[in-house]
Amino acid sequence: MISKRMNKIDSSGIRKVFNLAADMKQPVNLSIGQPDFDVPEKVKQEAIKAIKSGFNRYTQTEGILELRERVCQKLKEKNNIDIQPKDVLITSGVSGGLFLAFYVLLDKGNEAIIFDPYFTMYKHLLNFIEAVPRCIDTYPDFDINIDKVKEAITKKTKVIVLNSPANPTGKTYSQQEIEAVVNIARENDLVIISDEVYEEFMYDGKPFSPGSIYDKTVTLNGFSKTYAMTGWRIGYAAGPNEIIQEMCKLQQYSFVCAPSFAQIAAIKSFECDMIEYIAKYRQKRDLVYTGLKDYFKLKKPGGGFYAFPQIEGISATTFVEKAIAKNLLIIPGNVFSEKDTNFRLSFAASNETIEKGIKILIELAS
């Protein structure tokens, strides 16, 4: 009964652990990348107001104009991307934007360059649409080797995917690294898909968007991480009008439109100052790094809310099984990589939970 294309993807390893948590008694959960703070009160009230006033129907597929205008303003002020509302599509989360962008840009057999470790959705979506993920190894420090990128490009290459700050490593690419990738894309007439959903969670350096220097960039971002609106499924894509209009056309036959009330609330979110929350997450990052760096090989995360320690002597999968046996939930690295040498932990949790997790990890490493 099931199509053959479903054999090309596996159930999300992250969701498997997430589901496992439901059957455990008070697990120490460092598995899910979901902020431990709540949606800002003024945003919640705006959503309630929209629902009560009857703003519960379909919106136009591209999203309401006021939100697209506000996105343009943000992109101009923060990312130095000068774009018009017609070049913005409001999506059902960044995941929805990825789905639409991959489908619009890639045919069967086309290749997309992704950097290993990678967000798990990249590889599985590419496989699903019968495109080819070309994984560039960035171990051990997760830096981009430009020579490897050049060697990976073929006549079938169409897309390079960038994710900074990155999931699962917390790697933040420098302006120089991004400029080097842009130069390769320009020389080979490639499209860059820039996943910037963690941009506010920058602890070292400042965010730099490839869309500010390269017009063949599709910039993806959203409200799930910064404002804890993970369940509201609201994001945006911005880029060349030709691409955005095709993504909009496909959205008509897939997501239809992003949730209406969440679009209204997203406008209000731009008024929220999240500096205090980001500062707390910097402290959580430091707590994890200081606690684990003497027991694991660990590159200090520059952003996001993940760390990706390396295991020695056994596979990460085996190590994670031992952690789960001690009631600690983390994710094996092979969910995000062609290798099984590291594990991902999320420090989007209370300090108490993080400290419990560190204690268990040290016991396992000793």
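Annotations
- Placing dummy labels 7 Å off each Cα toward the beta-carbon, the span from residue 327 to residue 25 is 0.8 nm.
- Ranked by the mean number of other Cβ atoms within 10 Å of their residues, highest first, the peptides 57-66, 163-172, 240-249, 261-270 fall in the order 163-172, 261-270, 240-249, 57-66.
- Cross-link pairs exceeding 32 Å in C-alpha to C-alpha distance, out of 158/225; 280/322; 108/206; 42/293, comprise 108/206; 42/293.
- Taken about its Cα centre, region 128-194 carries a charge dipole of about 260 debye when Lys and Arg each add +1 at the Cβ and Asp and Glu each add -1 at the Cβ.
- Length gained when the stretch residue 187-residue 351 is fully extended (0.36 nm per residue, less Cα-Cα span): 54.4 nm
- Cβ-defined net charge surrounding residue 342, 10 Å radius [Lys, Arg +1; Asp, Glu -1]: +3
- Contact order relative to length of region 111-220, as percent, for alpha carbon pairs under 8 angstrom and 6 or more apart: 25
- Vicinal HN-Hα couplings computed from phi for region 220-229 (Karplus, 6.51 cos²θ - 1.76 cosθ + 1.60; Hz; Gly/Pro x): 10, 7, x, 10, 5, 7, 5, 10, 6, 8
- The relative contact order of region 41-269 comes to 31 percent, based on Cα pairs under 8 Å that sit 6 or more residues apart.
- Charge dipole (region 49-111, unit charges on Cβ, about Cα centre) - positive-most of 67, 85, 102: 67
- Using a Förster distance of 45 Å, the FRET efficiency for residue 176-residue 52 (Cβ separation, nearest 0.05): 0.35
- Spacing of the modelled spin labels on residue 74 and residue 359, each 7 Å from Cα toward Cβ, amounts to 3.9 nm.
- The label-point distance for residue 127 and residue 294, in a model that sets each label 7 Å from Cα toward Cβ, rounds to 4.0 nm.
- Cα centroid of region 211-288 to Cα centroid of region 96-156, whole Å: 21
- Beta bridge orientation in the chain: antiparallel %, DSSP, nearest 5: 45
- Modelled FRET efficiency - R0 22 Å, residue 8 with residue 254, Cβ distances, 0.05 increments: 0.75
- Under 5 Å between amide hydrogens, built in the peptide plane, is the criterion, and for residue 81 it picks out 76 among residues at least 5 positions away or on other chains.
- Of the peptides 335-341, 153-159, the order by per-residue mean of other Cβ atoms within 10 Å, starting with the highest, comes out as 335-341, 153-159.
- Under a model in which nothing but the beta-carbon of Lys, Arg (+1) and Asp, Glu (-1) is charged, region 140-289 shows a dipole of about 440 debye around its Cα centre.
- Taking the Cα centre of the chain as reference, the dipole from Cβ charges on Lys and Arg (+1) and Asp and Glu (-1) amounts to some 820 debye.
- Highest-first packing order for the peptide set 45-55, 313-323 is 313-323, 45-55, based on the mean count of other beta carbon atoms within 10 Å.
- Once volume of the Cα convex hull per residue in Å³ is calculated for the structure shown, the corresponding label among (1) 137; (2) 192; (3) 148 turns out to be (3).
Here, each number is a calculation from the coordinates, and none is a lab measurement. Predicted model, so just to flag it, every value in this text is computed and none were measured. Note: ideal-geometry Cβ built from the backbone for every residue, glycine included; neighbour counts use all protein chains shown.
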